[in-house]
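Read-outs: derived from the displayed coordinates by stated rules, not from any lab. The structure displayed is predicted, hence computed values, not measured ones. Using ideal geometry, Cβ is built from the backbone for each residue, glycine included, and neighbour counts are taken over all protein chains shown.
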Amino acid sequence: MAAASVRIEDFVSSRYPPDQLVIAGPGRRLAGYLIEGAIWFVGILLGIITVGILLIPFFIGYLVWFIFAAINGQTPGKQLLGMYIMKADGTRAGGGYVWVRELLIKGLVTSLITMATFGIFWIVAALWCLWDRDRQCLWDKMASTYIAWSPRGYKPLTANELQLMGMARTVEPVVAPPSAVAPPPPPPLAAAPSPPNSQSVPDQLRQLARLHDEGIITDEEYESRRSELVKRL
């Protein structure tokens with residue numbers, strides 16, 4: 001039997017099994033942009049029809065939606081299509097990182113370069129994901145982000161959530177030995193030694209229960225970590 005090749009294919013598949021996360025393709029990303037554009041089109045149209053009466057409520061409503069989506073590492077369009085913004089350490093982007101990516105890098109910086117290049121830069125930046133191995137647009141390159149899609153509703157953890165669970169703050173690539181048949185990929189969030197947590201054990205138990213209730217961690221991960229914490233009481 002031929003030797004198995006190294007498992008790394010792209011950023012996401014090197015860290016997560018395909019039933020949890022896969023790299024988001026250009027079609028799905030385009031659909032997300034079109035959904036957000038359609039939402040804005042309808043909102044502005046309603047504002048024009050109502051002579052501006054509904055424009056401010058629409059803007060406030062969209063802003064609130066964006067804030068809650070950003071906490072989950074998403075934008076409204078990505079949230080509707082099950083996509084997540086991932087950081088270079090393999091974890092899900094938090095709210096602050098999403099705001100930096102969307103407003104500062106993708107919004108301000110990209111807009112300035114686009115105006116200086118008479119619109120050419122935005123076209124090239126958006127189309128870059130068509131031939132990029134990791135399906136990154138140029139603003140993803142600038143922000144060191146990747147867009148992943150969860151086919152079964154899996155929600156990756158942020159670095160802070162990993163730390164609260166007493167785990168490593170990064171998700172390292174999983175590489176299969178080239179001289180052996182590749183076994184089933186191990187869980188992407190394997191426990192690793194970490195500095196002592198500053199939280200008390202009861203606080204960690206409550207945080208662990210919250211992560212389990214929200215479906216962020218599996219039953220097995222919950223029971224394993226809970227047993228470790230109970231022993232420390």
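Below is a table of values for the structure above.
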| quantity | calculated |
| --- | --- |
| Label-point gap, in nm, between D134 and Q207 - each point 7 angstrom along Cα→Cβ | 2.7 nm |
| Size of electric dipole in the range 22-149: Cβ of Lys, Arg +1 and of Asp, Glu -1, about Cα centre, debye, nearest 20 | 180 debye |
| Per-residue Cβ neighbour rank within 10 angstrom, fewest leading, M165, M115 | M115, M165 |
| Ranked V22, V12, V42, criterion: other C-beta atoms within 10 Å, fewest first | V42, V22, V12 |
| Packing-based exposure ordering (other Cβ within 10 Å, fewest first) of E161, E228 | E228, E161 |
